[in-house]
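In what follows, a structure is listed as structure tokens, so that the remarks can point back to it.
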Amino acid sequence: MDTDALPDLRRGGEPKFHLKAETEQIIGFAITISNEIGHGLNEKIYENALTILFRLNGVPYDQQRRFPVLFRGFEVGEFIPDLIAFNTVIVDTKVIERINDHERGQMLNYLRITKLRVGLLLNFKNARLDFERVVL
């Protein structure tokens, strides 16, 4: 459950979404790309198209940034997310039948490794963009 959607009673009970404006902008970019390029192509195409919109709109981003994966203080490998936008949001492009618990679980692991709080799963498989916001 996205606990950011729960009322924050310290602020009068209004729902609070962490990085709401940023994630909405990224989703808007993804919808634009889906409408212009179409659906069902290779994931890398959508990832690269997002980087173009990020650049054109002055959104800071990293593509394929490396993060060490640690086990008991020892590096056992590395994780390389597709994109990190605004230095705060992991963006994972997908072309799969539907987003399920496997992808949600992966994103939670990605967030733990990177020490970020918010991830977006963007699924370009179908004509209508499917997306989910995952919060650690």
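The values are calculated or read from the model by the stated rules, or taken from the named source; none is laboratory data. From a predicted model like this one, the values you see are computed outputs, not experimental measurements. Neighbour counts run over all protein chains shown; Cβ positions are idealised from the backbone, glycine included.
Only residues that are over 14 Å from the mean Cα position of the chain (by Cα), at pLDDT 95 or above and part of a strand (DSSP E or B): list them for segment 53-70, please.
Residues satisfying the conditions do not exist here.
Give me the residue from segment 94-113 that is over 18 Å from Thr32 (Cβ atoms) and in a loop (DSSP other than H, G, I, E, B) and, out of that set, nearest to the chain's Cα centre (by Cα). Outline the logic, then answer.
Looking only at segment 94-113, we keep the residues that are over 18 Å from Thr32 (Cβ atoms), and these are 96-113.
Those left that are additionally in a loop (DSSP other than H, G, I, E, B): 96-100.
Values: Ile96: 15, Glu97: 18, Arg98: 15, Ile99: 13, Asn100: 15 Å.
Among them, the one singled out is Ile99.
Working only within segment 71-88, note down all residues that are in a strand (DSSP E or B) and among the small types (Gly, Ala, Ser).
Taking segment 71-88 as the starting set, the residues that turn out to be in a strand (DSSP E or B) are 71, 74-79, 83-85.
Correct list: Gly77, Ala85.
Looking at (1) of a type in the set (A, V, I, L, M, F, W, C); (2) within 16 Å of Glu132 (Cβ to Cβ); (3) assigned to a loop (DSSP other than H, G, I, E, B), can you tell me which one Val91 breaks?
For Val91, the exception is condition (3).
Can you pull out the residues in segment 44-76 that are surrounded by 11 or more Cβ atoms within 10 Å (Cβ to Cβ) and aromatic (Phe, Trp, Tyr)?
Listed by number, the residues that qualify are Tyr46, Phe54, Tyr61, Phe67.
Going through Asn42, Asn123 one at a time, which residue ends up being at negative phi and in contact with a Phe, Trp or Tyr (Cβ under 8 Å, 6 or more places away or on another chain)?
Numbers: Asn42 fails: in contact with a Phe, Trp or Tyr (Cβ under 8 Å, 6 or more places away or on another chain).
Within the list Asn42, Asn123, the selection yields Asn123.
Restricting to segment 32-46, what's the tally of residues that are part of a helix (DSSP H, G or I) and of a type outside the set (Asp, Glu)? Please lay out each step first, then the result.
Initial filter on segment 32-46 (part of a helix (DSSP H, G or I)): 32-37, 43-46.
The next check asks that each one be of a type outside the set (Asp, Glu); those that pass are 32-35, 37, 44-46.
Of the residues in that region, 8 qualify.
Take the conditions assigned to a loop (DSSP other than H, G, I, E, B), over 26 Å from Asn35 (Cβ atoms) and aliphatic (A, V, I, L, M) and apply them to Leu116. Does it pass? So that I can check it myself, show each step before the final result.
Values: assigned to a loop (DSSP other than H, G, I, E, B): yes; over 26 Å from Asn35 (Cβ atoms): yes; aliphatic (A, V, I, L, M): yes.
It is true that Leu116 is assigned to a loop (DSSP other than H, G, I, E, B), over 26 Å from Asn35 (Cβ atoms) and aliphatic (A, V, I, L, M).
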